[in-house]
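Written below as structure tokens is the structure these notes are about.
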Amino acid sequence: MANVAKSIRILILQTIDFFYTPFQALIPKETFRYAATGGFNTLLDISLYFICYNFVLDKRVINLHIVSISPHIGAFLIVFPITFFTGFLFAKYITFTSSEIRGRTQLMRYMISVSGSIFLNYFFIKLLVEFGGLWPTLAKIITTVIVVIYSYFVQKFYTFKTTRLPVF
């Protein structure tokens, strides 16, 4: 199993680095890798959100008898654990590979940084859908742009920081 994971990691890195070549004079490899893996994870997130909102929840309120959850927030809660897991794996094994912080510490820091992402997701989806009148999927896309910018800086300078200075 470890050999399969290692082979997948190498394949992903080779693929991303192949497409990096034309951009190497413009942006650092780490930033390009973050954009590639983050872009994939974001597409996965938005696709799963669309499927959950429209087909799994069928745009219906989730009634838990104690509390009711709107379908746009319910879809977020269903999709989040999946993209949390894939996002951490991409960040640790593809993007921020030079971090010397232990994996357990990285995971704890990732949970903390993602807590901020959860808050931002909840706040902006709720704001854009309920007060801005936007369609939930469009609100999710706008929210994702905001959260991705926040996440990049938190992950780079906190979760997976390195002790050496970054090369730009």
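Results, tabulated for the structure shown:
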item: Value of Rg to Rh for the chain (Rh from inverse mean 1/r over Cα pairs, i.e. Kirkwood); result: 1.01
item: Protection proxy ranking, peptides 34-42, 132-140, average beta carbon neighbours within 10 Å, highest first; result: 34-42, 132-140
item: Part-to-part distance (alpha-carbon centres) for segment 6-28 and segment 38-68, which is given in Å; result: 31 Å
item: Semi-axis lengths (Å, descending) of the ellipsoid that matches the C-alpha gyration tensor of segment 65-145; result: 29, 14, 10
item: Pair Leu43, Ile149: separation of 7 Å Cα→Cβ label points (nm); result: 2.3 nm
item: Protection-proxy order for peptides 87-96, 21-30, each taking the mean of Cβ atoms within 10 Å per residue, highest first; result: 87-96, 21-30
item: Sorted peptide list for 110-118, 10-18, 60-68, criterion being average Cβ within 10 angstrom, highest first; result: 110-118, 10-18, 60-68
item: Nearest-ten-degree value, helix 71-90 long axis tilted from longest Cα axis of the chain; result: 10 degrees
item: Neighbourhood net charge (11 Å Cβ-Cβ; Lys/Arg +1, Asp/Glu -1) for Val79; result: 0
item: Degrees separating the helix 136-154 axis from the principal Cα axis of the chain, which is the longest one; result: 30 degrees
item: Crossing angle, helix 103-126 versus the chain [Cα axis fit, 0-90 degrees, rounded to tens]; result: 40 degrees
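Throughout, read-outs are computed from the coordinates displayed, never taken from laboratory work. Since we're looking at a predicted model, the values are computed, not measured. Please note: Cβ atoms are built from the backbone with ideal geometry, for glycine as well, and neighbour counts cover all protein chains shown.
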